[in-house]
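For reference, the structure discussed in these notes is given below.
The values are calculated or read from the model by the stated rules, or taken from the named source; none is laboratory data. Quick caveat: nothing in here was measured; it's all calculated off a predicted structure. Ideal geometry is used to build each Cβ from the backbone, glycine not excepted, and the neighbour counts take in all protein chains shown. Protein only, heavy atoms only, side chains kept; ligands, DNA and RNA dropped before computing areas. Shrake-Rupley method; radii C 1.70, N 1.55, O 1.52, S 1.80 Å.
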Amino acid sequence: MTISIAQAEEARRNIASVAIRTPLVRCNSDAPGDLYLKLENLQPIGSFKIRGAANVMALTPRQQLEQGVLTASAGNMAQGVAFCARRLGIRATIVAPETAPAAKILAVERMGGRIIKVPFAEWWRTFETRSYPGVDATFIHAFDDPHVMAGNATIALELLEDLQDLDAVVIPWGGGGLSCGMAAVLRSLAPRVRIYAAEIETAAPLAPSLAAGEPLIVEYKPSFVDGIGSKTVFPNMFAQARELLTGSLVVTLDEAAQAMKLVAERNRVIIEGAAACAVAAARSGRAGSGRIVAIVSGGNIDLDKFAQLVAQA
């Protein structure tokens, strides 16, 4: 089930006191067109995830929230849930993979969230079971939840208001909640716009799955691009992606690092690996020409790692 305009508008009202309307800026790059950046890294938690977290918690009965909330996340949804939980005065528990970056884990702990680190396979099962042994709390899915997707879809509403004649949008693909949430609104209000997912070569299940016509399992290799990437695509998200997206563009680790350097040099903005994949794909020429928007999904990266990557790019 795709997100409706009404759901996105309701979400915009629900999150107005929590998330900000992020700026859309021009990036002077060598892309075959006009490249724009939607700077979700400027959200209070440094990521778009605050939108979905705020919306789902606004729509969950208070009595249900009192038992606490639980999510599975490599860092950004964890921060979104922890941030909103602290505002509501409730407990937040996060199941995180052992490879989660220190900067994101520390941010969650500063907000009062409880972290449970587990191996990747166990972490991934949490998305499937929507629970974790010994934790009695309301589970908030990071992407496969209509309320989370509606919160993400508010980005598309802002985008169309700020740049009505856009030609293409490139969106980082993690689980699909951002891409499919935004695409549902874009397809309804601007059907001619090309909508691409952006994946990293070390964990890119969507592109081959779209080519095969069914979800496939691929090899997953951890990298500095920790905000996106998995071994497969959830069936529900695959069905929406096949219907809504123009395609998926896979970029290399080197291209992602170069995009991080480009945005730092040209716009003086720090972006994380997931966001860099959208920028890299947009400037590659594979998204076509015209006015292209890259969704800068977040900026939560260890500064030492960022400096190292930019220096080597």
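Observations
- Whole-Å distance, taken between Cα centres, linking the stretch 122-160 and the stretch 60-113: 12 Å
- The listed peptides 42-55, 271-284, 121-134, ordered by packing as a protection proxy, come out as 271-284, 42-55, 121-134 (highest mean of other Cβ atoms within 10 Å first).
- Fraction of accessible area attributable to carbon and sulfur, the stretch 155-313 (%, probe 1.4 Å): 48 percent
- For Lys49, a cut-off of 18 angstrom between C-alpha atoms picks up these lysines, skipping any fewer than 8 places away in its own chain: Lys38, Lys104.
- Sequence-distant residues sharing a close amide H with Val251 (under 5 Å, placed H): Glu199, Ile200, Glu201
- For the stretch 161-267, size of Cβ-based charge dipole, Lys and Arg +1, Asp and Glu -1, in debye: 180 debye
- Kyte-Doolittle mean at least -1.0 and Cα axial length at least 20 Å: DSSP H helices in the chain: 146-162, 253-267
- Projecting label points 7 angstrom from Cα along Cα→Cβ for Thr246 and Gln308 puts them 3.6 nm apart.
- One equal scatterer on each Cα of the stretch 93-209, no solvent, Debye formula: the resulting log10 I(q)/I(0) at q = 0.16, 0.21 Å⁻¹ is -0.91, -1.21.
- Remark: the stretch 59-71, residue by residue, has Karplus-estimated 3J(HN,Hα) of 9, 8, x, 4, 4, 6, 6, 4, 7, x, 10, 9, 9 Hz, where x stands for each Gly or Pro and the curve is 6.51 cos²θ - 1.76 cosθ + 1.60 at θ = phi - 60°.
- Computed from the Cβ-Cβ distance with R0 of 51 Å, the FRET efficiency linking Ser284 to Leu106 stands at 0.95.
- Accessible surface calculations at 1.4 Å, restricted to protein heavy atoms, place the stretch 32-181 at 33 Å² per residue.
- Distant-in-sequence amide H partners of Val118 (H built 1.01 Å from N, under 5 Å): Ala96, Glu98
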